[in-house]
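What follows is a short report on a single structure.
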Amino acid sequence: MRAVVEAINQTLRNIGSEPGRVLLDTIESFESMALTDEERISALASSIANSAVAYHGTRIDGYLTALRVSSMAIALELLPPPPSAGATPALGHIAEGADILSCGLHHLLDALYSASIGVEDRIVAEIALYARLLGRHDPNTVQMVLQGVDDAVNHPDFAEGDLVAVTITDPFRLDLTLPLDQLPTLGVA
């Protein structure tokens, strides 16, 4: 998996300073948004799904596989904790986050075209943008997001611009206001 991360890093060195700056600015803009974990992963899923439909048409499965491998490599290196289930996500926040990512990707692709970067490096740069954000989540969340994207893009009613909601469930959330004798037993030690 380390080879995948190194391949992405090499491509980022190949694309030059202006496209690299656009990629990092997009990541920074998205990361600085005050989004819940559920809003963040839903915005990512929405932007990925729209990119898949807009730019990868007949190669969506290959695109999602490459994104899965890249994101998992980063997630397995970072070992981040799972996201927290929280308040009901706001669709406006999801749309705003997806818009920042989609506009950032559009600017990145423009910068890559302007710099005469080859198609393979353009695709890897796009995957790097999403993988760096998605890989900051645990492997289960990566799988959940990409499964949500796959389900969305394969749904006959999905259209470019649609939002993709990814729901975080926390099956082990306990009501800590209950007395100890009323808490459920989750295992035996």
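For the chain, with all protein chains present and a 1.4 Å probe, just round the carbon and sulfur fraction of the accessible area to a whole percent. Exposed carbon and sulfur together represent 56 percent of the surface.
Residue by residue, segment 103-118 carries 3J(HN,Hα) couplings of 5, x, 5, 4, 5, 5, 5, 4, 5, 5, 4, 4, 8, 6, 7, x Hz when phi is fed to the Karplus relation 6.51 cos²θ - 1.76 cosθ + 1.60 (θ = phi - 60°); x denotes Gly or Pro.
List residues of segment 13-48, by number, whose backbone nitrogen lies under 16 Å from a label position 7 Å along Cα→C-beta of Ala87. Residues passing the 16 Å test: 33-40. Extension gain for the segment Met33 to Ala95, taken as residue separation times 0.36 nm less the Cα-Cα distance, is 21.1 nm to one decimal.
For Ile117, the shell of other residues with beta-carbons less than 15 Å away shows a net charge of -2, using +1 for Lys and Arg and -1 for Asp and Glu. Centroid-to-centroid, using Cα positions, segment 111-172 and segment 27-101 are 5 Å apart. Mind running the shape call on segment 124-165? Use the C-alpha gyration tensor, a ≥ b ≥ c as the square roots of the eigenvalues: rounded below 1.5 for a/c, prolate if a/b tops b/c, oblate otherwise. Oblate. When shorter helices are ignored and each DSSP H run of at least 4 residues is given -39500 (n - 2.57), the per-residue value for the chain at 222 nm works out to -21500 deg cm²/dmol. Where (1) 138; (2) 151; (3) 200 are the candidate values, the label of the one calculated here for volume of the Cα convex hull per residue in Å³ is (1).
Structural descriptor for the chain: relative contact order 38 percent, calculated from alpha carbon pairs under 8 angstrom and at least 6 residues apart. Charged neighbours of Gly92, selected by a Cβ distance under 11 Å, balance to -3 (K, R count +1; D, E count -1). Per residue, how much accessible area does segment 41-139 have with a 1.4 Å probe, in Å²? In whole numbers, segment 41-139 has 43 Å² accessible per residue. Here the extension length gained between Ser116 and Glu18 equals 34.1 nm, from 0.36 nm per residue of separation less the Cα-Cα distance. Inter-label distance, Arg2 to Asp157: 4.8 nm, where each label sits 7 Å from its Cα along the C-beta direction.
The values are calculated or read from the model by the stated rules, or taken from the named source; none is laboratory data. All figures in this text were calculated on a predicted structure; none of them were measured in a lab. Note that each Cβ is placed from the backbone with ideal geometry, even for glycine, and that neighbours are counted across all protein chains shown. Side chains included, ligands, DNA and RNA excluded: accessible areas come from the protein's heavy atoms. Shrake-Rupley method; radii C 1.70, N 1.55, O 1.52, S 1.80 Å.
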